[in-house]
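Report on one structure; see the data block that follows.
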Amino acid sequence: MNIIITVATLASGSGLSRYVFSLCRILKPGNEVLLIETHAKGKSPYTISELAKIDGNIQYIATGGNGKIANYINNIRLLWNFKADVLISNFNGLTQFILPFKRRKTKVLHILHNDAPEFYKIASINGRYVDAWIAPTKGIRDHYNDFTNGKYFNKIKVVAHGVEAPEAIADKGTDTLEITFAGIVDQHKGILIMPDIVRRLNDKGIKFHLTIIGGGGRANWLREELAEEFKAGTITMTGVIEHEKVYDYMSKADIFLYPTHLDAFGLVIAEAMINGAVPIVTLLPGITDNLVADGEYGFLVTRDDVDRFVSHIEQLANNRKMLQDFSRKSRACALERFSLEVMGRNYRNLIDSL
């Protein structure tokens with residue numbers, strides 16, 4: 001089977017990039033795969049490096065260097081010359097616009113990557129040529145169905161994203177509570193309440209260390225707000241780092257703190273869980289509650305409710321048996337529902353059904 005995967009651009013540290021490379025990993029065995037970065041002006045060393053880790057036989061093209069019209073024509077040509085059986089579009093407007101020019105036999109999947117109208121608008125372009133939309137959660141399915149007034153209800157499939165499972169994780173529940181955040185360091189990820197959380201934990205005398213993984217527009221602001229804590233070593237900010245290093249931090253984390261305002265699935269939540277970190281995250285109905293069972297192996301908190309975030313961290317800090325129990329259950333749940341093996345099986349079954 002010949003499979004084309006299209007994406008605008010890929011960048012280190014992005015959840016979209018991790019997803020696309022996971023897609024390459026699970027679909028390459030037994031198939032020919034072509035990855036197209038439609039808005040990259042030249043082949044990215046980052047993409048080349050990541051694909052080499054997966055399979056040196058994955059084909060890769062960047063088409064964005066010759067102007068808009070030429071880019072459209074080039075992508076149409078690739079669709080035909082590669083004789084694609086399956087085309088997978090990742091929030092790619094260019095791909096959606098050229099769907100009328102595809103081969104009749106080519107089956108089209110569009111991945112719904114975010115819970116926002118602009119994502120849904122792109123996904124619905126030339127919708128009559130799309131064979132299935134993949135929603136990572138039931139909430140995204142329902143929201144896209146509402147956006148399109150039920151027009152494509154039978155074509156919206158729920159398939160959870162998958163994450164790599166580490167062979168081993170560090171022991172949990174050491175003297176210093178290890179708390180990790182991973183994501184864009186900006187307002188829509190709940191960063192504005194982080195100083196209040198940190199100060200209240202300090203006021204309660206909880207011995208902890210917070211690692212903030214990622215970069216963003218509020219990074220300097222956060223350093224200024226918590227200057228004393230950074231100086232004391234209570235907080236570490238890594239900036240954008242390689243995915244392997246993210247897993248190193250995740251494996252040592254007791255708690256994954258994620259006060260986000262917006263998500264489509266919560267890939268970092270699944271990554272934290274599969275590393276045994278207990279998730280304390282914002283309740284986004286139909287999305288984060290699709291991953292976390294509140295009170296069973298993690299906690300769901302109303303948006304920006306600092307008191308509840310702090311109280312749940314305090315609860316786990318004071319009850320290390322609960323922390324270890326939640327950690328074990330969190331990892332078991334992620335292995336059962338969000339591993340790459342499960343994702344691969346679900347995607348292959350869906351493609352076969354088409």
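Assuming 0.36 nm per residue, please report the length gained on full extension of the stretch Asp175 to Arg303 beyond their Cα-Cα distance.
Working: separation 128, 0.36 × 128 = 46.08 nm, distance 2.92 nm.
Result for the pair: 43.2 nm of gain on full extension.
Considering only Cα-Cα distances, which of the following residue pairs are longer than 24 Å: Lys231/Lys321; Lys53/Lys105; Lys231/Lys329; Lys43/Lys157; Lys121/Lys151; Lys28/Lys68?
Numbers: Lys231/Lys321 31 Å; Lys53/Lys105 31 Å; Lys231/Lys329 35 Å; Lys43/Lys157 32 Å; Lys121/Lys151 14 Å; Lys28/Lys68 30 Å.
Cα-Cα > 24 Å for Lys231/Lys321; Lys53/Lys105; Lys231/Lys329; Lys43/Lys157; Lys28/Lys68; rest within.
Give me Rg/Rg_expected for the stretch 6-90, where Rg uses Cα atoms only and Rg_expected = 2.2 N^0.38 Å with N residues.
Working: Rg = 12.4 Å, N = 85, 2.2 N^0.38 = 11.9 Å.
Here the answer is 1.04, to two decimals.
Report Thr238's accessible area, 1.4 Å probe, all protein chains in place, as a number in Å² to the nearest 10.
Approximately 40 Å² of Thr238 is accessible to the 1.4 Å probe.
Between Glu167 and Phe97, what's the calculated FRET efficiency when r is the beta-carbon distance and R0 is 30 Å? Round to 0.05.
Details: r = 43 Å, r/R0 = 1.45.
Efficiency for this residue pair is about 0.10.
Could you report the chain's accessible area per residue, 1.4 Å probe, as an integer in Å²?
So the chain comes to 43 Å² accessible per residue, rounded to a whole number.
Once Rh is set to the Kirkwood radius over Cα pairs, what Stokes-Einstein translational diffusion coefficient, in µm²/s, holds for the stretch 298-352 at a temperature of 20 °C and a viscosity of 1.002 mPa s?
Working: Rh = 13.6 Å.
Estimated diffusion coefficient is 157 µm²/s.
Pick from Ser330, Ser49, Ser22: which residue has the top mean-square fluctuation in a GNM of the chain where Cα pairs under 10 Å get a spring?
Highest fluctuation among the options: Ser49.
Once the whole set of protein chains is in place, how much accessible area is left on Glu341, using a 1.4 Å probe, in Å² to the nearest 10?
The accessible area of Glu341 comes to roughly 120 Å².
Counting only the heavy atoms of the protein chains, how much of Trp221 is accessible to a 1.4 Å probe, in Å² to the nearest 10?
70 Å²
Could you give the length gained by full extension between Lys138 and Ile61, i.e. 0.36 nm per residue of separation minus their alpha carbon distance, to one decimal place?
Stretched out fully, the Lys138 to Ile61 stretch lengthens by 24.4 nm.
Would you compute, from DSSP H runs of 4+ residues alone, the mean residue ellipticity of the chain at 222 nm, taking -39500 (n - 2.57) per run and dividing by the full residue count, rounded to the nearest 500?
Estimated from H runs of four or more residues: -12500 deg cm²/dmol.
What residues from the stretch 1-27 fall in the zone where the backbone N is under 18 Å from a label point 7 Å along the Cα-to-C-beta line of Trp80?
Within reach of a label on Trp80: 4.
Please list Phe230, Phe309, Phe97 from largest to smallest accessible area, probe radius 1.4 Å, with all protein chains kept in place.
Values: Phe230 40, Phe309 0, Phe97 110 Å².
Greatest to least solvent exposure: Phe97, Phe230, Phe309.
Only loop residues by DSSP count here, and only those with at most 15 other Cβ atoms within 10 Å; note down the GluC sites (Glu not before Pro) in the stretch 217-280 that meet that. Please list the in-between numbers first.
Working: sites: Glu224, Glu225, Glu228, Glu229, Glu242, Glu244, Glu271; in loops: Glu242.
Answer by residue number: Glu242.
Output the direction-averaged projected area (hull surface divided by four) of the convex hull of the alpha-carbon atoms of the stretch 124-182, in nm². List each step's numbers first, then the result.
Values: hull surface 27.2 nm².
Hull-based average projected area comes out at 6.8 nm².
Leaving out ligands, DNA and RNA, what percent of the accessible area of the chain is carbon and sulfur, probe 1.4 Å?
On the way: 7430 of 15380 Å².
Percent of accessible area from carbon and sulfur atoms in the chain: 48.
Which values, in whole Å and largest first, are the semi-axes of the equivalent ellipsoid of the stretch 188-293 obtained as the square root of 5 times each eigenvalue of the Cα gyration tensor?
Details: eigenvalues 98, 49, 43 Å².
Equivalent-ellipsoid dimensions as semi-axes: 22, 16, 15 Å.
Report the paramagnetic label zone for Gln187: residues of the stretch 238-271 whose backbone N is under 13 Å from a point 7 Å from Cα along the Cα-to-Cβ axis.
Only 261 pass the distance filter.
Tell me, what does the Kirkwood hydrodynamic radius of the stretch 1-147 come to in angstroms if you use every pair of distinct C-alpha atoms?
On the way: mean 1/r = 0.0646 Å⁻¹.
Over the stretch 1-147, the inverse of the mean reciprocal pair distance is 15.5 Å.
Using the C-alpha gyration tensor of the chain, what are the square roots of 5 times its eigenvalues, in whole angstrom, with the largest one first? If you can, show how the numbers build up before the last one.
Working: eigenvalues 285, 84, 72 Å².
Largest first, the chain gives 38, 20, 19 Å.
I need the semi-axes of the equivalent ellipsoid of the stretch 98-214: take the C-alpha gyration tensor, multiply each eigenvalue by 5, square-root it, list largest first in whole angstrom. Mind showing how you got there, number by number?
Details: eigenvalues 348, 65, 29 Å².
Largest first, the stretch 98-214 gives 42, 18, 12 Å.
If R₀ is 22 angstrom, what is the calculated FRET efficiency for the pair Ile54 and Arg337, using the beta carbon separation as r and rounding to 0.05? Numbers along the way, then the final one.
Values: r = 23 Å, r/R0 = 1.04.
Once rounded, the FRET efficiency stands at 0.45.
Taking just the C-alpha trace of the stretch 245-327, give me its Rg and Dmax in Å.
11.8, 32
The values are calculated or read from the model by the stated rules, or taken from the named source; none is laboratory data. Note that the structure is predicted; figures quoted are calculated from it, not measured. In this analysis, Cβ positions are derived from the backbone assuming ideal geometry, glycine residues included, and neighbour counts consider all displayed protein chains. Just the protein is used for accessible areas: all its heavy atoms, side chains included, with ligands, DNA and RNA removed. Shrake-Rupley method; radii C 1.70, N 1.55, O 1.52, S 1.80 Å.
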